[in-house]
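J.: I'd like to ask you about the structure that follows.
The values are calculated or read from the model by the stated rules, or taken from the named source; none is laboratory data. What you are looking at is a predicted structure, and each value in this text was computed from that prediction instead of being measured. Counting neighbours? That spans all protein chains shown, and the Cβs are built from the backbone with ideal geometry, glycine included.
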């Protein structure tokens, strides 16, 4: 469940299946402008 505040609507540019030590997952590439300004790798 998401309980945060929505600041911007982004676009999913790509989704890539990945395998991790915790099991299968998906890596998402998101395109946005406002909320990504000043953020870094791993920011949630």
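J.: Could you tell me which residue of region 19-40 is surrounded by the most Cβ atoms within 10 Å (Cβ to Cβ), considering only residues that are in a loop (DSSP other than H, G, I, E, B) and at pLDDT 90 or above?
T.: 22
J.: Which ones in region 9-18 are part of a loop (DSSP other than H, G, I, E, B) and surrounded by 10 or more Cβ atoms within 10 Å (Cβ to Cβ)?
T.: Within region 9-18, just 10 meets the criteria.
J.: Let me ask something else about it. Please identify the pairs in which a residue from region 2-20 that is within 16 Å of residue 31 (Cβ to Cβ) has its Cβ atom under 7 Å from the Cβ atom of a residue that is outside any strand (DSSP E or B), counting only partners at least 6 apart or on another chain.
T.: Taking only residues 6 or more apart or on different chains, the pairs are 7/34; 7/35; 8/32; 8/34; 8/35; 10/32.
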